[in-house]
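Presented below is the structure to which this report refers.
The values are calculated or read from the model by the stated rules, or taken from the named source; none is laboratory data. Being a predicted model, the structure only gives us computed values, none of them experimental. Cβ placement follows ideal geometry from the backbone for every residue including glycine, while neighbour counts extend to all protein chains displayed. Heads up: the accessible areas ignore ligands, DNA and RNA and are worked out on the full protein's heavy atoms, side chains in. Shrake-Rupley method; radii C 1.70, N 1.55, O 1.52, S 1.80 Å.
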Amino acid sequence: MNHFSIDHIRVLHVDDDPDFAEIVSEFLERKDDTFSVATAVGVDEALITLQDTRIDCVVSDYDMPRKNGLDFLELVRDDYPGLPFLLFTGKGSEEIASQAISAGVTDYLQKEAGTEQYTVLANRIRNAVRSARAEAVVQRTEDRYHNLVDTAPIPILLFGDNWEALYANEAAVAFLDADSFTEIAGKKASDFLHPDERDAARKRFQRLMREDISVPEKEYRVVTAEGEMKTATVATAPGYYRGEKVAQAMLYR
């Protein structure tokens with residue numbers, strides 16, 4: 001079993017011409033020693049390779065018998081939605097490119113004469129894999145954050161830069177006497193505050209978003225979904241949610 005570093009990139013090149021597939025593999029591995037390229041002749045063989053081997057990026061021809069590159073792309077997206085997929089085809093048209101984009105292709109490159117195309121292909125592969133890995137890191141971080149917030153015993157709400165509610169944990173939903181987050185989603189933070197306290201709260205929020213700093217705890221009269229008034233101490237801090245800066249509001253009774 002091979003053990004690769006985190007920088008190693010495992011590529012699956014799919015083409016019904018085995019000689020061309022071998023040429024591409026040799027050029028890619030020569031261009032970048034972090035590449036390890038496996039080949040498959042046709043979609044069925046490629047699907048078996050994907051099941052048996054960890055692959056970081058797929059490079060596929062379009063015009064193949066039985067199943068073409070778009071058919072393959074749709075099958076890959078069903079089981080591997082985040083896997084980089086580059087369509088490397090000698091049959092180019094706006095219609096094919098449009099269909100590939102609609103099906104979730106990562107990149108689209110037309111085959112050309114000469115070896116310069118392999119340098120371009122190698123760059124596209126590197127960029128696609130780096131982007132996918134970065135997104136995976138962000139997703140893992142968000143998953144951990146959600147698990148932490150979801151299980152927190154105190155009410156926590158997240159507000160976007162337009163002051164709209166983006167997320168609330170179960171404790172916050174219960175505190176606001178709502179049936180679910182859908183009853184809260186999109187509402188302004190001011191909707192949950194007594195009218196006399198909204199202007200001051202808005203200034204605090206703007207300072208937090210502008211200066212990216214936590215603001216001191218403050219007691220507010222919170223208006224629930226049922227119109228009941230509850231007093232709570234609110235601690236607000238900057239955070240990130242789905243790649244965007246947010247304000248995290250934690251409520252204490």
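Quick notes on this structure:
- Cα shape, segment 9-144, gyration tensor, a/c 1.5 rule: rounded
- Projected label distance in nm at Arg202 and Leu148, using a 7 Å step from Cα toward the beta-carbon: 3.2 nm
- Shape category assigned to segment 183-253 from the gyration tensor of Cα positions, a/c cut at 1.5: prolate
- Lysines with Cα under 25 Å of Lys188, excluding same-chain neighbours fewer than 8 positions away: Lys203, Lys218, Lys230, Lys245
- Here the accessible area of the chain is 48 percent carbon and sulfur, with a 1.4 angstrom probe and all protein chains present.
- Only DSSP H runs of four or more residues enter the estimate; each adds -39500 (n - 2.57), and after division by the residues of the chain the mean residue ellipticity at 222 nm equals -13000 deg cm²/dmol.
- Amide H contacts for Phe85 (H built 1.01 Å from N in the peptide plane; partners 5 or more residues away or on another chain; cut-off under 5 Å): Val58, Thr106, Asp107.
- Rounded to the nearest whole Hz, the Karplus-based 3J(HN,Hα) values (6.51 cos²θ - 1.76 cosθ + 1.60, θ = phi - 60°) of segment 236-249 follow the sequence 10, 9, x, x, 10, 9, 6, x, 10, 5, 9, 9, 9, 10, with x at glycine and proline.
- FRET efficiency, 1/(1 + (r/R0)^6) with R0 41 Å, evaluated for Thr224 and Arg133 via beta carbons: 0.45
- Given charges at beta-carbon only (K, R positive; D, E negative), |dipole| of segment 152-252 in Debye: 420 debye
- Cα-projected label distance for Ala97 with Val120, points at 7 Å along beta-carbon direction, nm: 1.1 nm
- Looking at the chain alone, DSSP beta bridges between its own residues are antiparallel in about 60 percent of cases.
- Using θ = phi - 60° and Karplus 6.51 cos²θ - 1.76 cosθ + 1.60, couplings along segment 138-153 (whole Hz; Gly, Pro as x): 4, 5, 5, 5, 5, 4, 5, 5, 4, 4, 5, 5, 4, 8, 5, x
- Helix 43-52 axis, angle to the chain major axis (alpha carbon atoms, nearest 10°): 60 degrees
- Three principal axis extents of the chain based on alpha-carbon atoms, in descending order, are 75, 35, 33 Å.
- For Val37, nonlocal amide neighbours, meaning residues 5 or more places apart or on other chains whose placed amide H falls under 5 Å from its own, are Val11.
- Phi-based couplings in Hz for segment 190-205 (Karplus 6.51, -1.76, 1.60; Gly and Pro marked x): 5, 5, 9, 10, 4, x, 5, 10, 6, 5, 5, 5, 5, 5, 4, 4
- Note on the chain: with charges restricted to the Cβ of Lys and Arg (+1) and Asp and Glu (-1), its dipole about the Cα centre is near 1340 debye.
- Cα gyration tensor shape for segment 1-87, rounded if a/c is under 1.5, else prolate or oblate: oblate
- If the segment from His8 to Leu109 were pulled out straight at 0.36 nm per residue, it would be longer than the present Cα-Cα gap by 34.1 nm.
- The chain - accessible surface per residue (Å², probe 1.4 Å): 55 Å²
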